[in-house]
Structures are given as C-alpha cells and as structure tokens.
Amino acid sequence: METTLNLTSKMPGTGTTIFSVMSALANEYGAVNLAQGFPDFNCPQKLIELVNHYMQQGKNQYAPMPGVPELRKKIAEKNLKCYGTQFDWQSEVTVVGGATLALFCAISAVVKENDEVIVIEPAYDSYIPAITLNGGKPVFSKLKYPSFQIDWEEIKKLINFRTRAILINSPHNPCGTVLSADDMRQLERLTENTDIVVISDEVYEHILFDGLKHQSACMYPGLVTRSFIISSFGKTYHNTGWKMGYVLAPEKLTAEFRKIYQYVAFSTSTPVQYAFADFLEDEAHYLALPKFYEQKRDFFRNLIAGSRFNVLPCAGSYFQLLGYDKISQDDDYSLAVRLTRENKIAGVPISVFYHDKTDNRVLRFCFAKNEETLTKAAEILCSL
C-alpha cells in the first residue's frame, strides 16, 4: 500500500538491526545460526511449570507498574547476596520488558537536547538510536584493538560540561571482554564531583570465565549513587523470548525512569514475574552459569583450534570473536553474508557496532548453543 504522505524520518540513517538481518538470511539459506544471541536449548523446566502455575492461579492481569512486590524483593535480596549492595525494593528496583527497553527508558530519563553521551565502541546497536531520538549527541571512544580495553585517558578528554552520561557494558557484547576493578575505579574517579550519569549494561553479569568476578557498578560507592544498572532474566535463564529484565538505581533516578517507562510499556508479564520470584529462591542456577558457559566456550574453541581463524580472547558473555585475515580480505559485512549464503554458517560482522563502520576483519559467533549445533558450525568454519 502506498501513501501520499510527506514524511520526514526521525532516524534516516537507521535500517533493520543486524541481528534480524542475519537471522533472516540464516533462515532463508538454511544456515547454522550463530549470529543472533539466543540459546537453542530450553530454559529450566521448573520455571516453565511455575509460569503455567501462576497462569492457572489467575495471575493474568496487569502487574503493578514497577513490578510485582514479590519479585522486586527477591531481586533486592539477590543483589545484596551477589554484590553486597542493598537497594530499596519499593523505590529503587523496577521490573521491565527486557533490557533493551530498559536502556531506552534510562537514556530517555536523563538525556536532553544537546546533551552528550559517551559511547564506548564497538557498542550494542540500541544505544545510539536512543540517544539521538532524545536529542542527545553520542561521543565516541573506541576500545583498543585487539585487546578491547578502554582508553581511560581518551574518556577523560571527552568529558566536558555537556557530558550527561557514560554508557558501559560488562561483560561486553560483542567483544567478550570484562571490566576490571581498576576500570571501575577509574570511572569512579572521572565522574567524581560531576552530574554525569552512568548507564551500566550488565545483562551478562553471571557469564564470566576463568575465575573472573563481575564488577557491578553497584559495588563502588562513587558509582552506585549515579548509576542505572540494567540486567536481563533472559540472558541468565535462557529465555530471551520472554523479554524480562530489571533496573536498579537510586530513588531519584528510578523516579525519572518510571516516568518514562509507565508510558512506554507500563508493566510486563504478570505470571512470569511471579514465576521468577519463586525461582530466584534457588541460587544454584545463576551460580552455575559461569562453569556452564565456560564449558561451551571451551568446547567451541577446541573444535575450531585447527581452523585458519584467529581466536580472540573471550572472558565473558556468550560470544566468540574470530579474526579472518588468513581466510579473506573481504569486508566483514560482505563476508558474513557470503558465509551465510554459500557456506551455511551465520555470524555477525563487528563493523556494524561502530558508528564509522571500523572493520578489523572480525566476526562474532554465539556459542550459547547445544553441542550438536556447535559441532556442525565448527566443521564449516574449519573447512574455510
């Protein structure tokens, strides 16, 4: 259907997200899909039973806007156990319809016209649209390649009177790096005596390897009072399709967040919230995640050890970066598409996570898959 309306796009340079593009290509060509970050195994059966139980109990109407009290209390208890920081469940914990929605609302709550937001690239692709839609200006710093470490001296030089927020992400998507205690202390020092808000994307908080410990922003006195901390049930409990997450923030920040959230989604799935409230009583699942995913990382890396790819370090998340200099001189986007069409293996080009399409000839592959899927994928990768 055509329209004669004269429209001016608010996002003229924005197309379809790379995850949708690559998954659609994978489906079209019957490729093994290691592009989009979702498991191909099910979430815990007990969790499914709990959701069904609460549906049968009639918990099917609107939840309170901030989330059901039972779940918010459990989130606050879990955070205290994991990181030693107490959030008030009533005024500082908000349950939301997924982490991407939470990021949008957090950015919308604090970013005004002409505010600057420091974005550390490569960056998850929802950050920049949320900033620009709110009239803000993204200001970019690149992680050092190939270590993907933050250049804190560069961040320091970018901070000025217009700086409204800094976005951080650890464990990192797409790079798999993890911020250290020293990183967090440097951020703490840089934001001291400022009004800069930290938006901390911590959706992979329980997926760290080799004995590393997650350094949540809430663990640092100079950060917890200025931070939105965003987490994801979907990443922790293998059910990304449920679109469930939560936000921890001081009362004043939470109040501004909820002003936005109530008109974007108002609330999220009621029976699922009650189910998570019960399931959080058992720490075993999230405490076992590091070893669970470390085994998958190691299984995948061992399978591709004999390939021509350069296997980059992966300290967290469920993504493995592979450099392909020895295989092709194609740009990463072209190669990702060609591998999907011709070789039946789908990954994600890293250049799409940079505003200027920086291309280091690296692809991202998700190893949150069962062994059969990873074995099939590795056979293809080793044949290149």
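The values are calculated or read from the model by the stated rules, or taken from the named source; none is laboratory data. Fair warning: this is a prediction, and the values are worked out from it, not measured in the lab. Cβ coordinates were reconstructed from backbone atoms using ideal geometry, including for glycine residues, and neighbour counts include every protein chain displayed.
Which is among the hydrophobic types (A, V, I, L, M, F, W, C), at pLDDT 95 or above and surrounded by fewer than 19 Cβ atoms within 10 Å (Cβ to Cβ), of 292, 257?
292
Would you mind stating whether residue 328 is in a helix (DSSP H, G or I) and at pLDDT 95 or above?
Considered against the rule, which asks whether it is in a helix (DSSP H, G or I) and at pLDDT 95 or above, residue 328 comes out as no.
Which of the residues spanning region 106-125 are modelled with pLDDT under 95 and within 19 Å of residue 263 (Cβ to Cβ)?
Correct list: empty.
Sort out which residues of region 312-341 are farther than 24 Å from residue 203 by Cβ, out of contact with any helix residue (DSSP H, G or I) (no Cβ under 9 Å at 6 or more places or on another chain) and either among the hydrophobic types (A, V, I, L, M, F, W, C) or in contact (Cβ under 8 Å) with a residue 60 or more places away in the chain (or both), and write them in order of number.
Passing the criteria: 323, 335.
Count, please, the residues in region 211-255 that happen to be in contact with a helix residue (DSSP H, G or I) (Cβ under 6 Å, 6 or more places away or on another chain), free of Cβ contacts under 8 Å to residues at least 40 places away in the same chain and in a loop (DSSP other than H, G, I, E, B).
Going through region 211-255 one residue at a time, the tally reaches 1.
Residues that are within 18 Å of the chain's Cα centre (by Cα), buried (at least 16 other Cβ atoms within 10 Å of the Cβ) and touching a residue at least 12 places away in the same chain (Cβ under 8 Å): which strands (runs of 3 or more DSSP E) entirely in region 42-161 hold 3 or more of them?
The strands (runs of 3 or more DSSP E) meeting that bar are 93-96, 116-121.
When you scan region 203-222, do you find a residue that is touching a Phe, Trp or Tyr at 6+ places or on another chain (Cβ under 7 Å), more than 24 Å from residue 318 (Cβ to Cβ) and at pLDDT 95 or above, even just one?
no
Please specify each residue of region 256-285 satisfying the condition of being assigned to a helix (DSSP H, G or I), closer than 27 Å to residue 197 by Cβ and either free of Cβ contacts under 8 Å to residues at least 40 places away in the same chain or among the hydroxyl-bearing types (Ser, Thr, Tyr) (or both).
Answer for region 256-285, where residues must be assigned to a helix (DSSP H, G or I), closer than 27 Å to residue 197 by Cβ and either free of Cβ contacts under 8 Å to residues at least 40 places away in the same chain or among the hydroxyl-bearing types (Ser, Thr, Tyr) (or both): 261, 263.
Give the residue, chosen from 300, 309, that is surrounded by 19 or more Cβ atoms within 10 Å (Cβ to Cβ), touching a residue at least 60 places away in the same chain (Cβ under 8 Å), more than 21 Å from residue 16 (Cα to Cα) and touching a helix residue (DSSP H, G or I) at 6+ places or on another chain (Cβ under 6 Å). I'd like the intermediate steps shown before the answer.
Details: 309 fails: touching a helix residue (DSSP H, G or I) at 6+ places or on another chain (Cβ under 6 Å).
Result of the check over 300, 309: 300.
Can residue 187 be described as within 21 Å of residue 358 (Cα to Cα) and of a type in the set (A, V, I, L, M, F, W, C)?
The answer is no for residue 187.
Mind checking whether some residue in region 344-353 is over 22 Å from the mean Cα position of the chain (by Cα), surrounded by 14 or more Cβ atoms within 10 Å (Cβ to Cβ) and closer than 19 Å to residue 21 by Cβ?
yes
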